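Please read the structure below before turning to the comments.
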Amino acid sequence: MKRFLIGLIAMAGLLGQPAWAQKQGGVLRVTHRDNPPSASIHEEATISTVMPFSGVFNNLVVFDHASKQDRMDRLQPELATEWAWSADGRVLTFKLRDDVKWHDGKPFTSADVKCTWDMILGKGDTTFRKNPRKSWYFNLRDVTVNGPGEVAFHLNDPQPSLLAMLAGGMSPVYPCHVPAAQMRTHPIGTGPFMFGELKQNESMRIVRNPNYWKKGLPYLDAVEFTIIPNRSTSQLAFTSGKMDLTFSTEVTPVLMKDVLASDPNAECELLPTNTQANLMVNRDKPPFDDAKIRSAMVLAFDREAFTKILSQGVDKIGGSMLPPPEGLWGMSPEFLATVPGYSPDVEKSREAGRKIMRELGYGPDKPLKIKVSTRNIPSYRDPAVLLIDHLKNVYIDGELEVLDTSVWYARLLRKDYTVALNVQGVGIDDPDVMFFETFSCGSERNYTNYCNRDLEAMFHQQSQMTDWDKRRALVWEIDKRLQEDGARPVISHGWAATCWHKSVKNISLANNAIYNRWRFEDVWLDR
């Protein structure tokens with residue numbers, strides 16, 4: 001039996017900071033970009049929920065914040081103290097802490113872990129209203145308990161990536177005794193902060209948990225998020241000192257230069273967001289049930305133009321997986337060059353697209369008129385405007401439709417759109433998360449209804465592989481097939497900055513995910 005035993009250093013919550021350095025108290029003030037659909041992390045698919053409410057919860061395990069890259073071979077315990085795989089790789093058993101209480105005083109036990117994943121699997125007495133991560137656990141057969149301090153995850157097939165999914169910010173443990181409906185408006189957790197308030201379209205507040213099981217943490221008295229939808233206003237609030245921290249990767253490369261020039265007390269870190277702008281086409285709605293039209297749309301892209309205009313060339317071009325070296329699984333530039341639609345000869349590609357459209361009866365005097373839907377925040381609107389401009393090159397005339405966040409996700413879940421520009425966030429840099437969440441037949445987050453059974457068999461094949469190099473080679477082949485098939489064409493992979501004042505200490509960001517490091521338990525203020 002392969003066993004992973006973790007020492008107690010991380011449990012002290014020090015994470016490399018000398019004990020004498022931290023200061024207790026203070027309120028961390030953070031900008032927020034829009035109104036979160038709810039406070040329930042398990043029911044939402046947006047950083048707008050994850051960032052403000054991660055501090056309420058704990059996971060079984062978390063990624064090691066001392067590592068710049070979130071990797072499944074660099075994990076630390078949280079509610080679990082140790083874990084072990086069975087010899088056949090089909091059972092993952094956790095031993096749990098026995099000194100943890102929920103914010104309402106009830107004890108945390110293995111039953112809470114089982115309840116959480118039973119709800120995700122749809123097996124519990126109560127169910128989630130939305131369940132965007134159900135597809136992550138396609139291979140999870142059952143969760144069993146052995147007394148209050150031990151829980152086991154039973155898989156149909158070996159799947160090493162299960163640990164990575166459990167470590168992500170979208171995998172907190174929920175309490176058995178709190179209804180799912182309450183978790184949307186007043187969540188109860190075991191984390192360093194307790195829910196304070198959620199004022200729709202105004203603000204969110206989480207407050208220090210005085211009985212947190214990590215003694216001495218958190219340092220902060222509270223974290224307050226203020227919703228400022230306008231980027232310029234948000235930037236001014238930060239540079240003027242009214243805010244201490246910007247919303248996760250909401251500062252573009254261009255704006256980052258302005259922030260650093262105008263605010264000598266600012267620190268900014270520019271990183272890949274592991275979000276990607278992609279074209280979504282509802283394959284069930286004519287005329288987009290015709291693969292020829294979908295192909296013509298992809299041939300209209302000038303990906304280099306997207307990156308130059310949106311990020312001054314900082315964004316990267318890639319397939320479904322995050323490009324290397326920050327991404328662990330993305331196609332190399334040499335391999336990407338073999339993928340149709342990624343040719344640097346944009347005009348040649350566009351002429352091929354126009355030829356397709358002419359054969360279908362369209363032309364400069366008879367364009368295909370469409371509505372392009374997107375979310376009403378700048379990181380979505382800006383690429384959507386460019387997309388509309390590019391589609392004109394293949395006789396497609398688009399009209400922009402912008403939707404508030406809550407409406408946007410509801411529409412996507414109902415497949416109530418024709419053409420859309422989405423900025424897809426990937427919770428974990430792992431092929432199982434990307435392939436099964438986005439492209440598996442019937443997944444809630446498969447917004448385009450793409451379904452390829454032969455390719456899905458390859459999803460399962462790579463999932464079971466333990467040889468990293470062989471798995472990556474198969475992942476590249478799958479990714480190439482997805483791009484050739486126009487499953488959800490990727491335009492660019494975003495890079496952006498998060499900024500904070502020098503008085504904010506111990507911010508730790510990963511270079512391959514934006515969802516997994518917002519517990520705030522060891523952040524402190526030097527003022």
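Every number in this text was worked out from the coordinates using simple rules, so none of it is lab data. Bear in mind that the values here come from a model prediction, so they are computed numbers and not experimental data.
Observations on the structure shown:
- Note on region 152-254: Kirkwood hydrodynamic radius from all Cα pairs is 17.0 Å, rounded to one decimal.
- Folded to 0 to 90 degrees: helix 110-121 orientation relative to the chain principal axis, Cα: 10 degrees
- Between 0 and 90°, nearest 10: helix 468-484 axis offset from the chain longest Cα axis: 40 degrees
- Convex hull volume of the C-alpha atoms in region 273-495, normalised per residue: 114 Å³.
- Here, the chain has an Rg and a Dmax of 23.0, 73 Å when only alpha carbons are counted.
- Beta bridge orientation in the chain: antiparallel %, DSSP, nearest 5: 75 percent
- For region 249-288 and region 55-109, distance of Cα centres in Å: 31 Å
- 19 Å Cα-Cα threshold exceeded, pairs from K101/K215; K23/K502; K134/K316; K285/K371; K371/K392; K114/K214: K134/K316; K114/K214
- Its relative contact order, with pairs defined as Cα atoms under 8 Å and 6+ residues apart, puts the chain at 23 percent.
- Acute angle (nearest 10 degrees) that the helix 453-463 long axis makes with the longest principal axis of the chain, alpha-carbon atoms: 40 degrees
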